[in-house]
1. Being open to solvent by less than 40 Å² (accessible area, probe 1.4 Å), in contact with a Gly (Cβ under 9 Å, 6 or more places away or on another chain) and not small (Gly, Ala, Ser) is the requirement here; does Ile48 meet it?
2. May I ask you to say which residue of Gly81, Gly23 is modelled with pLDDT of 95 or more, open to solvent by less than 30 Å² (accessible area, probe 1.4 Å) and under 16 Å from the mean Cα position of the chain (by Cα)?
3. Can you report the number of residues in segment 77-100 which are within 22 Å of Ile15 (Cβ to Cβ) and either without any contact (Cβ under 8 Å) to a residue 24 or more places away in the chain or part of a strand (DSSP E or B) (or both)?
4. Please enumerate the residues belonging to segment 90-131 that are of a type in the set (D, E, K, R) and closer than 13 Å to Ala77 by Cα.
5. Can Gly5 be described as open to solvent by 40 Å² or more (accessible area, probe 1.4 Å), out of contact with any helix residue (DSSP H, G or I) (no Cβ under 7 Å at 6 or more places or on another chain) and of a type in the set (Gly, Ala, Ser)?
6. Could you run through segment 51-72 and say how many residues are open to solvent by 50 Å² or more (accessible area, probe 1.4 Å), assigned to a loop (DSSP other than H, G, I, E, B) and either touching a Lys or Arg at 6+ places or on another chain (Cβ under 7 Å) or in contact (Cβ under 8 Å) with a residue 12 or more places away in the chain (or both)?
7. What number of residues in segment 84-100 are touching a His at 6+ places or on another chain (Cβ under 7 Å) and open to solvent by 50 Å² or more (accessible area, probe 1.4 Å)?
8. For segment 101-131, give me the residue count where each residue is assigned to a strand (DSSP E or B), open to solvent by 50 Å² or more (accessible area, probe 1.4 Å) and either of a type in the set (S, T, N, Q) or at pLDDT below 95 (or both).
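The values are calculated or read from the model by the stated rules, or taken from the named source; none is laboratory data. The shown structure was predicted, so the numbers you read here are calculated from the model rather than taken from an experiment. Every residue, glycine as well, gets a Cβ built from its backbone with ideal geometry; the counts of neighbours run over all protein chains shown. Please note that ligands, DNA and RNA were not included when accessible areas were found on the heavy atoms of the full protein model with its side chains. Shrake-Rupley method; radii C 1.70, N 1.55, O 1.52, S 1.80 Å.
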Amino acid sequence: MTAAGDELPPLSIPITRTLIVAGAVASRDYQDVHHDSELAKEKGSPDIFMNILTTNGLVGRYITDCFGERAVLRKVAIRLGAPNYPGDTMVLCGTIVSVEGDRAEVRVVGANSIGNHVTGTVTVTVPEDGS
């Protein structure tokens, strides 16, 4: 575990059409704005866009990648902002807010070319060896 104020290494995630559609299907989110470009455009969006469940999974992956295979997500509280459209890149960054024993709270921001796609906090524990 590291200390409050430490920054996690950034993670760049290319936002592909396949990632958006696969994430929506995997999370059983069949809203047309996540897989049908023409219907998304009819509803006022320039293209399909990522759903919150995919974003949530990517935030979780980011934290567990940074804290290691023994990391356990205890709480994920995120808000969406700018949409993730195909062809863009989201860069996830994190700052450790607090550390108490085996538990850390991390402030996470994921930004794309439009602005912040996701902001929030994640609470993670990393059990000591033998736990």
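1. Here the answer is no, as Ile48 does not meet what is asked.
2. None of the other options fit; the residue is Gly23.
3. In the first step, residues of segment 77-100 are kept if they are within 22 Å of Ile15 (Cβ to Cβ); the result is 78-94.
Those left that are additionally either without any contact (Cβ under 8 Å) to a residue 24 or more places away in the chain or part of a strand (DSSP E or B) (or both): 78-80, 88-94.
Number of matching residues: 10.
4. First, the residues of segment 90-131 that are of a type in the set (D, E, K, R): 100, 102-103, 105, 107, 128-129.
The answer is Glu105, Arg107.
5. Details: open to solvent by 40 Å² or more (accessible area, probe 1.4 Å): yes; out of contact with any helix residue (DSSP H, G or I) (no Cβ under 7 Å at 6 or more places or on another chain): yes; of a type in the set (Gly, Ala, Ser): yes.
Here the answer is yes, as Gly5 does meet what is asked.
6. 1
7. Of all residues in segment 84-100, those touching a His at 6+ places or on another chain (Cβ under 7 Å) come to 84, 90.
Next cut, open to solvent by 50 Å² or more (accessible area, probe 1.4 Å) only: none.
Residues that pass the stated criteria total 0.
8. Looking only at segment 101-131, we keep the residues that are assigned to a strand (DSSP E or B), and these are 103-111, 116-125.
Keeping just the survivors that are open to solvent by 50 Å² or more (accessible area, probe 1.4 Å) gives 103, 105, 107, 116.
Next, only the ones that are either of a type in the set (S, T, N, Q) or at pLDDT below 95 (or both) stay: 116.
Number satisfying all stated conditions: 1.
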